[in-house]
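A short worksheet on the structure shown next.
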Amino acid sequence: MDSNKRIRLMVDLSKMALTILVALALVILIVLGTSSDPMNAFFNFFIGPFTSLRRIGNIIEAASPLMFTSLAVIMIFGAGQFSMIAEGSFFIGTLGAMIIAISCPLPPGLHPMIALLFAGILGAAVASIPALLKVKWQVSEVVTSLMFNYIVQFFTVYMLNYYFRETSSSSVASRLFLETSTLPALIDGTRIHFGVILAILLCILAYLLLYRTTFGMKLRITGDNITFANYSGIKVTKIMILAQIIAGAFAGIGGASELLGMYDRFKWTASPGYGWTGIAVALLARNNPLMVPVAALFIGYLNVGANIMARNSDVSSDVVVIIQGIIILMIAAEALLNKWKQKMIVKAANQDTATGGDGANV
Amino acid sequence: MGVYNVSDVSEQDISNLMVGRDVILNIEKTPASSGKPVIQVKDLMILCDTGKPCINHISFTLREGEILGVAGVEGNGQSELVEALCGLRKYNAGSIQICKTEIKKLSISHIRGLAVSHIPEDRMTTGVAPNLSIVENILSDKISDHKFSKHGFINKKKIKQYGLEMVKQYQILCKNPDVRIDSLSGGNIQKAVLARELSNQPKVIIADQPTRGVDVGATEFIHKRLIAMRDEGKAVLLISSDLNEVIGLADSIVVFHEGQIVAYFPDTSKITELQLGGYMLGIHKQSSNEIKEVIHG
């Protein structure tokens, strides 16, 4: 590895460590300021998630949907687009999976596969709308995707209320899913399900797509400099649309996987927001699909810790939202630690020239 | 390298000191032997975004084995002409034929497929993807070739090998072809652009400000390359604000003023900068018969 790459990696890792440190320091401050028994809160937050197999399972379960949505975010942002549609695609995916799970009797094995597929198609279709509007009429994909997320959310809740609701129950929930539709659990004593394996497979697939195919290279070129991509003869509109369609499919499949792996009824009355958290995970993973599982596990750990703390102490689980906000802010701060990085690069170049290397580029 | 009094050193001396060896500032070349027409522009008209014509009914022919220089104060239609020739801009009237093919309805990749290479005027906005590696930048237009990919999957080994080859052939100073291109100096980035544009057997090279912001050593290298391409029988259209470069490198020159060709010089050896300047500023204009000669029949 050449010195510039090593420096960049070192700065990236330091930045990540600093981010996490600052976030945790802030949590400690908040807890110290609000809790009457801070040591109990800390214990529950930091150690709590590891105190039983079920809780460790919770971390992995929490990471699973985030992997799908952050992969979607990576595909979209990678193509230089800023569509926030991962949220809507995920939720329409849950709707698609519910429809298949309730009203389409199919043999086991095939049933969840069809549900995942249908959810992926719906997710892709929803994601393609902001993409097409942008290409056709230059409507900002940021605005349309944000608005579309609401339409998807209310449409899904409407479908639930008017077509799939359990009428004998007073709380809002769908009818029971057909037993053939659920994704199998993997480990006894937890709810870790087949969706986790699917998510990891998709991470690898997304990596191969981005770094081992011509499409991926064109996507990265388009994302980095669209003028240059166009000049090189790359069909940029095609790439932009395709990237968002693939992203939508990832998120939609994620919705189905979450619903069929974790629940036997559809119970959401609002979108769970995995699309938003997916952005934090994508940033934390430095847009590298292979880093997504690690980043998702970390955010999953924070979420589980916050929940345990909320249950067992007097601190609300909302602190986790503060942590995520700080993570996004600090990682998005491009200039953070730049001075240090510059210093190291200059030093390395000087050393190179001193030893007769070719560090100083003429 | 030292401190000198301005009165003691010439341009040549400074260049030699900067590069660390003797630099040839005067461009050496043999007379051109021009062949068949490659680009034929007839009565071309391009309207700007404001609705004003920025190319106003121009016609010219570029032939094999010659370098046609375009001189002119910047903003007199040169950029728009280049964009139209490469398919980056639609034109409103007239025709452009490249190798006998009308390009009006062709996509950018189709035009590239006609063996047209384009060295863009601003390498950082148009010429490279700054955060990607040197080799990815060199391959941006040809990654789908069977040489580098099969069924949509890229061949890492072939790509690596090609990157090393190009870095060597175009003397790009870097640790390896996998470093980010924006870690290079301007001259080396420009050499990478050249590596991409000149390595796939082009018939036409459109060189827009090929040495702008490039150090003397790289400038010399780029000039030699362009002349070598000309000697191999390629057609070169050279647009440059550097009058020395246009006069030294081109075999013949057209002068642009307000979107029109106001002068044509079939032989550059007799022109002075002063003469060109008069035409560039619109003080002089040749007769239409003199200008028509650039159509070559």
>> For region A:1-124, what are Rg and Dmax over the alpha carbons, in angstrom?
In response: 21.0, 59
> Using Cα atoms only, what is the angle between the long axis of helix A:319-332 and the major principal axis of chain A, expressed in degrees (0 to 90) to the nearest 10?
Replying inline: 40 degrees
> Can you work out ³J(HN,Hα) from phi for every residue in region B:246-260, in order, using Karplus 6.51 cos²θ - 1.76 cosθ + 1.60 and θ = phi - 60°, giving whole Hz and x for Gly and Pro?
Replying inline: 4, 5, x, 9, 6, 8, 9, 9, 10, 10, 9, 9, 6, x, 10
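For a protection proxy built on the mean count of beta-carbon atoms within 10 angstrom, sort A:98-109, A:247-258 highest first, please.
On the way: A:98-109: 16.8, A:247-258: 32.3.
Descending packing order for the listed peptides: A:247-258, A:98-109.
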> Per-residue mean of other chain beta-carbon atoms within 10 angstrom of the beta-carbon, peptide A:231-239?
Replying inline: 6
> By per-residue mean of other Cβ atoms within 10 Å, what is the highest-first order of B:275-285, A:296-306?
Replying inline: A:296-306, B:275-285
> Can you list the HN-Hα couplings for region A:203-216, worked out from phi with the Karplus curve (6.51, -1.76, 1.60; θ = phi - 60°), rounded to whole Hz and with x for Gly and Pro?
Replying inline: 4, 5, 4, 5, 4, 4, 4, 6, 10, 10, 10, 5, 4, x
> Taking the Cα centre of the protein assembly as shown as origin and charging only Cβ (+1 Lys, Arg; -1 Asp, Glu), how large is the dipole, in debye to the nearest 20?
Replying inline: 1680 debye
> Got a sec? Charge dipole of region A:155-237, +1 on Cβ for Lys and Arg, -1 for Asp and Glu; which of A:167, A:195, A:217 is way out at the positive end?
Replying inline: A:217
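Could you order peptides B:50-60, B:228-238 by the average number of other Cβ atoms within 10 Å of their residues, highest first?
On the way: B:50-60: 16.1, B:228-238: 20.1.
Most protected by this proxy first, the peptides run B:228-238, B:50-60.
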>> Quick check on my link table: of A:341/B:160; B:142/B:292; A:136/A:218; A:15/A:343, which ones sit more than 26 Å apart, alpha carbon to alpha carbon?
In response: A:341/B:160; B:142/B:292
> Binned at 20 Å from 0, what are the whole-percent values of the Cα-Cα distance distribution for chain A, short to long?
Replying inline: 27, 54, 18, 1, 0
>> With θ taken as phi - 60° and the coefficients 6.51, -1.76 and 1.60, list the Karplus ³J(HN,Hα) couplings across region A:163-172 in order, rounded to whole Hz; mark glycine and proline as x.
In response: 10, 10, 6, 6, 6, 7, 9, 7, 7, 6
>> Using all alpha carbons of region A:1-56, what is the percent of pairwise distances in each 5 Å bin, ordered from the shortest bin to the longest?
In response: 4, 17, 14, 15, 14, 13, 8, 8, 5, 1, 0
> Using the alpha-carbon atoms, what tilt in degrees (0 to 90, nearest 10) does helix A:110-137 show relative to the longest principal axis of chain A?
Replying inline: 60 degrees
>> Could you tell me which residue out of B:1, B:284, B:31 lies farthest along the dipole of chain B toward its positive end? Charges go on the beta carbon: Lys and Arg +1, Asp and Glu -1, centred on the Cα centre.
In response: B:31
> Which FRET efficiency value, to the nearest 0.05, is calculated for residue A:342 and residue A:50 with the Förster distance at 45 angstrom and r the Cβ-Cβ distance?
Replying inline: 0.70
> Looking only at other chains, what is the average number of their beta-carbon atoms within 10 angstrom of each beta-carbon in B:136-144?
Replying inline: 5
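Calculate the translational D of region B:100-166 in whole µm² s⁻¹ from Stokes-Einstein, where the hydrodynamic radius comes from the Kirkwood formula applied to all Cα pairs, the temperature is 20 °C and the viscosity 1.002 mPa s. Spell out each step's value before the answer.
Numbers: Rh = 13.7 Å.
The estimated diffusion coefficient comes to 157 µm²/s.
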> Near the amide H of residue B:239, under 5 Å away, which other amide H atoms are found, from residues 5 or more places off or on another chain, if H is placed in the peptide plane?
Replying inline: B:70, B:207, B:208, B:209
>> Only four residue types carry charge here, +1 at the Cβ of Lys and Arg and -1 at the Cβ of Asp and Glu. Report the dipole size of chain B about the Cα centre in Debye, rounded to the nearest 20.
In response: 1560 debye
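Would you mind classifying chain B by shape? Square roots of the alpha carbon gyration tensor eigenvalues, ordered a ≥ b ≥ c; an a/c under 1.5 is rounded, otherwise it is prolate if a/b is larger than b/c and oblate if not. Walk me through the numbers on the way to the answer.
Details: a/c = 1.86, a/b = 1.14, b/c = 1.63.
Oblate, since a/c reaches 1.5 and b/c is not below a/b.
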> Tell me, Kirkwood radius of region B:134-200 from alpha-carbon pair distances, in Å?
Replying inline: 11.9 Å
> Binning every alpha carbon pair distance of region A:277-348 at 5 Å from zero, what are the percents per bin?
Replying inline: 3, 16, 18, 17, 16, 12, 9, 5, 2, 1, 0
> Any idea what log10 I(q)/I(0) is at q = 0.05, 0.12 Å⁻¹ for the protein assembly as shown, Debye with uniform C-alpha scatterers and no solvent?
Replying inline: -0.33, -1.22
> Which whole number gives the average, over all residues in B:81-94, of C-beta atoms from other chains lying within 10 Å of the residue C-beta?
Replying inline: 1
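Could you give the size of the charge dipole of chain A about its Cα centre, using +1 on the Cβ of each K and R and -1 on the Cβ of each D and E, expressed in debye and rounded to the nearest 20?
Numbers: 24 positive and 17 negative charges, 146 e Å.
So the magnitude is around 700 debye.
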>> Along the charge dipole of the protein assembly as shown, pointing to its positive end and built from +1/-1 on Cβ of Lys, Arg, Asp and Glu, which listed residue (B:222, A:180, B:129) has its Cα farthest out?
In response: A:180
> For the protein assembly as shown, list the cysteines whose Cβ sits under 4.7 Å from no other cysteine Cβ?
Replying inline: A:104, A:203, B:86, B:99, B:174
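Since every read-out is calculated from the coordinates, none of them should be taken as a lab result. Bear in mind the structure is a predicted one, so any value in this text is a computation, not a measurement. Please note: Cβ atoms are built from the backbone with ideal geometry, for glycine as well, and neighbour counts cover all protein chains shown.
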